[in-house]
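A.B. asks: Before I ask anything, let me first share the structure, which is written out below as structure tokens.
Every read-out reported here was derived from the displayed coordinates using simple, explicitly stated rules and does not represent laboratory data. As the structure is a computational prediction, the values presented were derived from the model and not from experiment. In this analysis, Cβ positions are derived from the backbone assuming ideal geometry, glycine residues included, and neighbour counts consider all displayed protein chains.
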């Protein structure tokens, strides 16, 4: 009787193991394979680049945007992977502030006073949990710290404060302030254009 019970137990174990191995070796279904190959993709048409500059000693905000941003489709298994290493370029001519006169002055007397004025180039980096944008403007390449927020796995906002002196752009800023001297005066009679510029980038990552 004892031998019979042992034999029954052995058979049960063999059958259980065989069934388990069969399940492990079963081919993945189309649904399972699709889930494993889903990629997050950054798209230029889903990306907006806004900036905020400041004038007068009261630091009055002047907002604008670049209506065009270019980059190749960058994929990743997660939103972070899709963003890390993303290279981009922004045509200066796409600057837009809803004021044609202001647009013309910024393009000619600010960007026009710089080196390599056609494009602003950059690359998003994610290292040790921190984000930066390696940004090239006026012939200078510097890292710009980014504050990144990802919601619903796919909605991304990036914020930064750019100090123009880091890109050797204070002469260009002085050129702009000169042509806008009267417009940048506050109640105190002092004309001032601030060297810091706020940057806000928003994008929506698609699933591929």
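A.B. asks: I'd like to verify a number: residues in segment 65-82 that are within 18 Å of residue 50 (Cβ to Cβ) and not in a loop (DSSP other than H, G, I, E, B), how many?
C.D. replies: 3
A.B. asks: Check off (1) out of contact with any helix residue (DSSP H, G or I) (no Cβ under 9 Å at 6 or more places or on another chain); (2) surrounded by 13 or more Cβ atoms within 10 Å (Cβ to Cβ); (3) not in a strand (DSSP E or B) for residue 172 and give me the number that stays unchecked.
C.D. replies: Tallying (1) out of contact with any helix residue (DSSP H, G or I) (no Cβ under 9 Å at 6 or more places or on another chain); (2) surrounded by 13 or more Cβ atoms within 10 Å (Cβ to Cβ); (3) not in a strand (DSSP E or B), residue 172 fails exactly one: (1).
A.B. asks: Pick out the one residue from 182, 195 that is under 25 Å from residue 111 (Cβ atoms) and free of Cβ contacts under 8 Å to residues at least 12 places away in the same chain.
C.D. replies: Of the residues listed, the single one that is under 25 Å from residue 111 (Cβ atoms) and free of Cβ contacts under 8 Å to residues at least 12 places away in the same chain is 182.
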